[in-house]
Every structure is written in C-alpha cells, then in structure tokens.
Amino acid sequence: MILVTGGAGYVGSHTVMALLKQGEDVIVFDSLELGHIEIIETLKQYGNLKFVKGNLKNIDDIRGVFMLNKNIDSVIHFAAYSQVAESMINPQKYYYNNVYGTLNLLNAMLEFNVKKIVFSSTAATYGEPVYTPIDEKHQQIPINPYGNTKLFVEKIMDDYDKAYGLKSVRLRYFNVAGADSGAKIGEWHNPETHLIPNILKASAEKSFKMFGTDYNTSDGTCIRDYINVEDLADAHLKALEYLNNGGETNYFNIGTKDGNSVKQVFTACENIKGTAIPVELCPRRSGDPAILVADNEKAKKILNWTPKNSLEYSVETAYKWEKALSLK
Ligand code: UDP
C-alpha cells in the first residue's frame, strides 16, 4: 500500500488517480485545509482508496496511519503550502508546516520501518537562474522561504539516508499545467494565483492581469516550462518504480525543456476558448525571474520518463476542468 500525503490537492490527486489506474492500493492523508473532499470522492471511483483526515503537524495523526496500516511500504509526500508570496509574508507558517510537518512524517516512517519516499520539490530551490536550461547541478540558492523549506527537506532527506538508510527521490517541478484527460479532477486553489487558470477565469468584469511586459525575452513576457499534470503524475510512478528496484537516493527536474512566454500561453488559451480574453498589462510581479526552463535529460535517462502532452493539451484539459468547476 502507498501512502500519499496531500492526495486531495492538485498534483497529489492526479498522482493518486494514476496509481489507482495502475491497480495500486492507496491511502491518502490530507488535512483538507487546501485539498477537497469532493476530489477524494471522485478518486474513489478509480480503485482501492482509503482516506484519513489529519495534519502532519500532529505526529500522532500520522503515527496512527502507520499503526493501523502495517502494509504501507512507501510514501509520496505532497502535503505542503506552496505560495511564494505568502511564504514571504508568513514564513513561520511555511517552516512549521513544510519542514516540521515533514520531520514528523519522516520520523513516523522510521518508527514503522518504511524507507522509501518520493517528495515534491520545486524549481524554486534553484533561486535566480545562472544559466538556462537549468540542470540538477545548478546551484541551489532559494530566494524565498517557500524554496528554502523545500531545500531544507531535500537536505534532511540526504542526512536521513546516510544515517538511517531512508531512500528518497526528490522531483523538482517546474510549472504544472492542465487537468486529467476526463476533466474529473483539476487545479482548485482558492485564491488562484497561477497563470493558466487565471487566464481562463478572466471575464469582462475581471480581466486577466499580465504581470510584466518589459522582460529581456523575445516578446517581453516571462518564459516558463509548463509540465502537464498527468506527465508529472507519471514521473512519480516512475520514481517509485526506481526506488522499488533498489534505486539510490536521487533528485530530478521534471519539466519539458521547452519554454513558453506568458503571451504564448495567453494566445493558446484564447485559441482553446475561441474568444478574445480581456487583458490588463500590469507591472512585474516581484520575485519572478525572466526565464525558468528545465533540463530534463536526467529524468529521461534514469527514470525512463518522457513528457508526452503539449501545452495546448494542458490548456484544453484545464479549460474543460474550469467549466466543470464553475458548476460545483
Ligand atoms: N502570471 C501573470 N498573471 C497571473 C498569474 C501569473 O502574468 O495572474 C505570470 C507570472 O508573472 C509568471 C508566469 O505567469 O511570469 C507564471 O506564473 P505562475 O504563478 O503560474 O507560476 P510561477 O512561475 O510563479 O511558479
């Protein structure tokens, strides 16, 4: 059985769906502070899924899960806060949840002798890019508390491997996009800060705010690497397979190696919607580097993983999901 923390959230839920479709038994542990019970109900249709509501900040919540489910053999850990701007205003919230909460999880794992974990890390651990595309050897100097919390956990995992033999794979995500092909689950944040849902949600009353059109890029807007959420979910399955085959502790970028500008994404959204989307050109958002693109060769070679879905497909599924969400 695979324990998935944060399985009611965006990337977590798509990974749970992929695991269930592969016939795995899954137990989701989620506080439901940001995750949604409706997503869990939907996921239950895909296979053997148990749900436990709990918070990693309470060690007894997570110890109880291992105590009652002795057949858990590996963990995929998503549960975390992930908003950069909020982490700068309220770092305490981020360190307490993302670092202390993870320590509780790791300590419970050791207590119950579970020694394989796949962890959702982030491109934010690299900080300001020194070169592009960014490979895994790039320096890791985060520029915000969110990135720090993820980097600290990566370091803790290295030390826990050396001392206790706990094996980890850290997946450093770039920009996640899209929804599952049936649009049964998708991105559901409140408030929403991400580019694609914000473009798709724009209306005559509330236009889309394009942050920064004076960057040193081909069209003046920021360039990002948009990785489809089902491709990202597949990377977690491959990472688990790697650990199950005796793979050593490791870390991988998960991206497409292709950059798209904010204007290109905006055009893709207009094309899928088939209508003009109201836009307001705004100043730069603080902390946004001009270009963030992943070198994904290491994951391709070692995990045998390749991204398959295009940006257009991500936008198409995100749009279907937005329509479904507006009816919820
Ligand atoms: N962005 C934007 N308007 C929005 C949200 C995002 O122009 O409402 C831009 C943002 O400035 C960045 C890119 O879209 O250049 C991707 O931002 P997002 O928040 O989706 O992901 P991030 O790169 O911050 O992880």
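None of the figures in this text is laboratory data; all of them are computed from the coordinates on show. Given the structure is predicted, the values throughout are model-derived calculations rather than measurements. Counting neighbours? That spans all protein chains shown, and the Cβs are built from the backbone with ideal geometry, glycine included.
Between the helical axis of 229-244 and the longest alpha-carbon principal axis of the chain there is an angle of about 30 degrees.
Of all DSSP beta bridges in region 206-328, what percent run antiparallel (nearest 5)? Intermediate results must be reported in sequence, preceding the final value.
Working: 2 of 8 bridges.
Roughly 25 percent of the DSSP beta bridges within region 206-328 come out antiparallel.
Rounded, prolate or oblate: pick one for region 5-55, where a ≥ b ≥ c are the square roots of the eigenvalues of its C-alpha gyration tensor, a/c under 1.5 means rounded, and failing that, prolate if a/b is larger than b/c, else oblate. Prolate, since a/c reaches 1.5 and a/b exceeds b/c. Size descriptor for the chain, Kirkwood hydrodynamic radius: 20.1 Å (Cα pairs only, one decimal).
Modelled spin-label separation between residue 310 and residue 110, with each label point placed 7 Å from Cα along the Cα-to-Cβ direction: 4.9 nm. Each of 81, 69, 55 was placed along the dipole of region 48-142 (beta-carbon charges, centred on the mean Cα), and the one lying farthest toward the positive end is 69.
From Cα pairs below 8 angstrom and at least 6 apart in sequence, can you work out the relative contact order of the chain, rounded to a whole percent?
It rounds to 19 percent for the chain.
For region 143-229, the Kirkwood estimate of the hydrodynamic radius, built from every pair of different alpha carbons, is 16.6 Å.
Beta bridges from DSSP with both residues in the chain: antiparallel share about 5 percent, rounded to the nearest 5. Enumerate the residues in region 164-185 having an amide nitrogen under 18 Å from the point lying 7 Å beyond the Cα of residue 209 toward its Cβ. Counting backbone N atoms under 18 Å from the label point, the list is empty.
Semi-axes of the equivalent ellipsoid of region 208-297: what are they in whole Å, largest first, if each equals the square root of 5 times a C-alpha gyration tensor eigenvalue? Each step should come with its number before you reach the end.
Details: eigenvalues 216, 53, 19 Å².
In descending order the semi-axes read 33, 16, 10 Å.
Straight-line cross-link partners of residue 298 among the lysines, defined as a Cα under 17 Å from its Cα and at least 8 positions apart when in the same chain: 137, 238, 257, 308.
Note on residue 71 and residue 95: the model spin-label points, each 7 Å out from Cα along the C-beta direction, lie 4.2 nm apart. In terms of overall dimensions, region 1-119 has a Cα radius of gyration and Dmax of 13.7, 42 angstrom. Pairs of Cα atoms nearer than 8 Å and 6+ residues apart set the relative contact order; for region 46-196 it is 24 percent. For region 55-154, a simple Cβ point-charge model (Lys and Arg +1, Asp and Glu -1, everything else neutral) yields a dipole of about 200 debye relative to the Cα centre.
As a footprinting exposure proxy, order 315, 16, 169 by other Cβ within 10 Å, with the fewest listed first.
Numbers: 315 24, 16 33, 169 27.
With the fewest neighbours first, 315, 16, 169 line up as 315, 169, 16.
Potential lengthening of the chain between residue 300 and residue 88 amounts to 72.9 nm, from the contour at 0.36 nm per residue minus the alpha-carbon distance.
Distance from the alpha carbon centroid of region 230-276 to that of region 24-80 works out to 24 angstrom.
Students often check this: by mean Cβ neighbours within 10 Å, which of 270-281, 214-225 ranks highest, and how do the rest follow?
Details: 270-281: 12.5, 214-225: 17.8.
Per-residue Cβ counts within 10 Å, averaged per peptide and sorted highest first, yield 214-225, 270-281.
Here the chain is treated with +1 on each Lys and Arg Cβ and -1 on each Asp and Glu Cβ, and its dipole about the Cα centre works out to around 280 debye. In terms of its C-alpha gyration tensor, region 275-318 comes out oblate, because a/c is 1.5 or above while a/b does not outweigh b/c.
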